[in-house]
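Here is the structure we will look at, set down as structure tokens.
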Amino acid sequence: IYELANKVDADIYNKFWDVKERISTVYAMGDLEGEMFGLSYRGNVGVQAIHTDQTGGGYIIDRARCVGNTAQTCPAQRITDGDKYWDVLPSLNLSFDLKNDQMLRLGLAKVVSRANMDDLRAGQGFGLATQGVSVLTGGGGNPQLKPFRAKAFDLSYEKYFGNKGYVSAAAFYKKLDTYILRAPRAFDYAPFVTPTTPLPLTGPFAGSTMGLFTQPTNAEGGNIHGWELAANLPFSMLTPYLDGFGVMVNHSDTKSGIDLPEIGFANVAGDSVRIPLPGLSRKVTNLRLYYEKAGFQIAAAARKRSSFLGQVSDFQDNQQLTFIKGETIVDLQASYEIQSGWLKGVSLYAQAQNWNNAPFLEFTTDENNPSNRVDYGRTYHFGASYKF
């Protein structure tokens, strides 16, 4: 008979967390149809009322008291916290018929995007930082964290040609009422220190339980805005000899900005520093060449994005901000659906993702001098499906 010996340490406790969310939604929607400024329109208007009840659990660890890998040599305190709140989200969508296969679309809405689960954990860890200024530092989750909240405005123009062809132009603006950032803030560790917890002996924090604590928090003062052009052009519009061939292309230009407190940066003067929203490239272009006819679907697609500020996981699975170099990724795919006979409805397909073997590159100041490189290689998929 073997008994599993539990192993614990500060990093294990940091990942030993639980989150519970109960989300209730009440909504109402009505269809709209009529005429405005001499143009007929269709659309809808509605509202959602969303109640969220969230609870996060975890452990507080004083790293100075964690000297082993058992519960006795690495004591921890179980904590739970949470919050309850409402979000009221109205929305309006209208489509105006401009005649001659032209449409103008308008969208207004309040929207939310929820935090990552690990951001809602209650676990915390702290210890004495000895490099630079001697001060207590720590980090953890935030069970009272609210979601991203924004007001969104979208406007687009569309012109259609036949069954598949179209061109469109769109503009968008999102005012971020709240967003989620990770930055250090002043924090008093008095409720969690013990007589064995070492405190700073020198410097401005000598003998003080005040320190810095890094956790996800809600902030204000951000926006996203930009434009997008798109087109789908079947070559049959030029000549019937190219029936089935076509090209799809779109390009977007997105600007964003959020304010982070300057305490999270070195050599920054002022109360805050403005950065782009993580994960968004300024320019993104997609190109797809295709042939679709008689059951065949063959396509080559390329996506090009400019360099951007991203978030990656470090060796402890903590999210860190880093610059990521722009890339171009090429994908290929081919499929055939049997059109007749007893095998009608059977499809065979093959795909090659990242066919050009583009690497993932991180950099600090110069995108031509990457600080980290990951080669994911090509990925191939082969399969079959049947629909009836």
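The values are calculated or read from the model by the stated rules, or taken from the named source; none is laboratory data. All values derive from a computational prediction rather than experimental measurement. Cβ sites come from the backbone with ideal geometry, for glycine too, and all protein chains shown count toward neighbours. We work out accessible area using only protein heavy atoms, side chains counted, and drop any ligands, DNA or RNA first. Shrake-Rupley method; radii C 1.70, N 1.55, O 1.52, S 1.80 Å.
Sort out which residues of segment 127-163 are of a type in the set (Phe, Trp, Tyr) and over 28 Å from the mean Cα position of the chain (by Cα), and write them in order of number. Let's see the steps before the verdict.
Of segment 127-163, the ones of a type in the set (Phe, Trp, Tyr) are 148, 153, 157, 160-161.
Answer for segment 127-163, where residues must be of a type in the set (Phe, Trp, Tyr) and over 28 Å from the mean Cα position of the chain (by Cα): 160, 161.
In segment 100-149, how many are within 30 Å of residue 51 (Cβ to Cβ), without any contact (Cβ under 8 Å) to a residue 60 or more places away in the chain and small (Gly, Ala, Ser)?
Here the count works out to 3.
Which count do you get for residues in segment 1-28 that are among the aliphatic types (A, V, I, L, M) and part of a strand (DSSP E or B)? Lay out the reasoning, then the answer.
Looking only at segment 1-28, we keep the residues that are among the aliphatic types (A, V, I, L, M), and these are 1, 4-5, 8, 10, 12, 19, 23, 26, 28.
Applying the additional criterion that residues be part of a strand (DSSP E or B) yields 19, 23, 26, 28.
Adding up the residues that qualify gives 4.
Could we say that residue 335 is modelled with pLDDT of 95 or more, out of contact with any Pro (no Cβ under 8 Å at 6 or more places or on another chain), farther than 30 Å from residue 280 by Cβ and not aromatic (Phe, Trp, Tyr) here?
Working: modelled with pLDDT of 95 or more: yes; out of contact with any Pro (no Cβ under 8 Å at 6 or more places or on another chain): yes; farther than 30 Å from residue 280 by Cβ: yes; not aromatic (Phe, Trp, Tyr): yes.
When the stated conditions are applied, residue 335 passes them.
Which one of these does residue 115 not meet: (1) under 26 Å from residue 25 (Cα atoms); (2) open to solvent by 60 Å² or more (accessible area, probe 1.4 Å)?
(2)
For residue 13, only one of the following conditions fails: (1) modelled with pLDDT of 95 or more; (2) within 18 Å of residue 141 (Cα to Cα); (3) aromatic (Phe, Trp, Tyr). What is its number?
For residue 13, the exception is condition (1).
Give the residues of segment 283-298 that are open to solvent by less than 40 Å² (accessible area, probe 1.4 Å) and farther than 23 Å from residue 343 by Cβ, sorted by residue number. Walk me through how you get there before you give the answer.
Residues of segment 283-298 that are open to solvent by less than 40 Å² (accessible area, probe 1.4 Å), as a first pass: 284, 290, 295.
Those that are open to solvent by less than 40 Å² (accessible area, probe 1.4 Å) and farther than 23 Å from residue 343 by Cβ: 284, 290.
Of everything in segment 248-280 that's at pLDDT below 95 and closer than 30 Å to residue 333 by Cα, which residue is surrounded by the fewest Cβ atoms within 10 Å (Cβ to Cβ)?
Out of the qualifying residues, it is 279.
Tell me, please, whether a residue that is among the charged types (D, E, K, R), farther than 30 Å from residue 62 by Cβ, surrounded by 17 or more Cβ atoms within 10 Å (Cβ to Cβ) and out of contact with any Ser or Thr (no Cβ under 7 Å at 6 or more places or on another chain) can be found in segment 153-164.
Within segment 153-164, the first condition is being among the charged types (D, E, K, R), and the residues that meet it are 154, 158-159, 164.
With the extra rule that they be farther than 30 Å from residue 62 by Cβ, the set shrinks to 154, 158-159, 164.
Those still in the list that are surrounded by 17 or more Cβ atoms within 10 Å (Cβ to Cβ) too: 158.
The next check asks that each one be out of contact with any Ser or Thr (no Cβ under 7 Å at 6 or more places or on another chain); those that pass are none.
No, segment 153-164 has no match at all.
Step by step: first the residues of segment 170-213, then only those that are β-branched (Val, Ile, Thr) and exposed (fewer than 11 other Cβ atoms within 10 Å of the Cβ), then the one that is nearest to residue 119 (Cα to Cα). Which residue is that?
We begin by selecting, within segment 170-213, every residue β-branched (Val, Ile, Thr); these are 178, 180, 193-194, 196-197, 202, 209.
With exposed (fewer than 11 other Cβ atoms within 10 Å of the Cβ) added as a condition, the list becomes 194, 196, 202.
Numbers: 194: 27, 196: 29, 202: 33 Å.
Restricting to residues being β-branched (Val, Ile, Thr) and exposed (fewer than 11 other Cβ atoms within 10 Å of the Cβ), the top hit is 194.
Evaluate the following for residue 31: is it of a type in the set (Asp, Glu), surrounded by 11 or more Cβ atoms within 10 Å (Cβ to Cβ) and in a strand (DSSP E or B)? Quick ask: steps written out before the conclusion?
Values: of a type in the set (Asp, Glu): yes; surrounded by 11 or more Cβ atoms within 10 Å (Cβ to Cβ): no; in a strand (DSSP E or B): yes.
So residue 31 does not fit the description; no.
Of the residues 11, 81, 18, 53, which single one is within 26 Å of the chain's Cα centre (by Cα) and open to solvent by less than 50 Å² (accessible area, probe 1.4 Å)? Write out each step before concluding.
Values: 11 fails: open to solvent by less than 50 Å² (accessible area, probe 1.4 Å); 81 fails: open to solvent by less than 50 Å² (accessible area, probe 1.4 Å); 18 fails: open to solvent by less than 50 Å² (accessible area, probe 1.4 Å).
When all the criteria are applied, what remains is 53.
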